[in-house]
Amino acid sequence: MSLTRKWWRRRRRRRRRGGGEGEEDDDDDDGGDPFSLPSRDDLQPIDTLDQEEMVRSFERKYALQSLVWRRVFAGFILGYAGFMMYSIFHQVWFPWELRYHAYFMEDVQLWMVLFADSVAVVACLLAVKGLLHASGSSKQWLWYSSYPALLVAVFWLYYILRLPKFRWDIIWLPFAPLSGAGMCLYVDNLLRESLEDVSKLRSYMYNYKAL
């Protein structure tokens, strides 16, 4: 494409000048043939050092973005874990005052509510550990977080469905920890795919030394 653009620019320049002396100058530049194409393209192989610098810049950008996004989502999960810890202490000191707990006053014992909220906190902490430790075992910790989250979801769904009236305002109780674990798995998977792309880019480097 660059060769074609050069040729058409020279043709338009000759047409604007209307031939004559200007055309002879262009003919001299083209080696005497007014319709000759440039002998070589502008595209050149990239020097090995330039390739290394380019790949390192992508690796630095990935490391920064990975750290930022992992901390952002870990902050969301920690916020929910802190809320559930507040819920546990409030249930201990002021039983059944929280509305989302009061719905189950007649069906669920106090210790069962405390246990379910504690398991939700454990699931959140496992997800945060797996998200912040970007190592080979991080995905393992994220999968560990999904198991207690699934247990919490089954527990609360069972008792929600037993209520005389379905309460949409407490639908977050069963699904919040499970959604958090799934979200962390999704973010970790996306970041790992980006890391693989950067690694592939490094494997595509070739040896070339500019003169």
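Checked against (1) in a loop (DSSP other than H, G, I, E, B); (2) in contact with a helix residue (DSSP H, G or I) (Cβ under 8 Å, 6 or more places away or on another chain), LEU78 passes all but condition (1). Can you find even one residue in the range 130-151 that is modelled with pLDDT of 90 or more and touching a Pro at 6+ places or on another chain (Cβ under 6 Å)? Within the range 130-151, one or more residues are modelled with pLDDT of 90 or more and touching a Pro at 6+ places or on another chain (Cβ under 6 Å).
What do you reckon, is MET183 farther than 19 Å from MET105 by Cβ and part of a loop (DSSP other than H, G, I, E, B)? Considered against the rule, which asks whether it is farther than 19 Å from MET105 by Cβ and part of a loop (DSSP other than H, G, I, E, B), MET183 comes out as no.
Selection of the range 175-198 for residues being surrounded by 13 or more Cβ atoms within 10 Å (Cβ to Cβ) and over 30 Å from VAL154 (Cβ atoms) yields SER194, LEU195, VAL198. Summed over the range 161-177, the residues that are without any contact (Cβ under 8 Å) to a residue 40 or more places away in the chain and either among the polar types (S, T, N, Q) or closer than 18 Å to PHE115 by Cα (or both) give a count of 3.
If only one of MET112, MET54, MET105 is in contact with a Pro (Cβ under 9 Å, 6 or more places away or on another chain) and surrounded by fewer than 18 Cβ atoms within 10 Å (Cβ to Cβ), which one is it?
Values: MET112 fails: in contact with a Pro (Cβ under 9 Å, 6 or more places away or on another chain); MET54 fails: in contact with a Pro (Cβ under 9 Å, 6 or more places away or on another chain).
Unique residue meeting the criteria: MET105.
Listed by first and then second residue, the pairs linking a residue in the range 53-66 that is assigned by TED's automatic domain parsing to the domain that holds LEU190 to a residue that is in a helix (DSSP H, G or I) and at pLDDT below 85, with Cβ atoms under 6 Å apart and 6 or more places separating them unless they lie on different chains, are VAL55/LEU201; VAL55/ARG202; PHE58/VAL198; GLU59/VAL198; TYR62/VAL198.
The values are calculated or read from the model by the stated rules, or taken from the named source; none is laboratory data. Owing to the predicted nature of the structure, the values given are computational and were not obtained by experimental measurement. Positions of Cβ are generated from backbone atoms using ideal geometry, with glycine treated the same way; all protein chains shown enter the neighbour counts.
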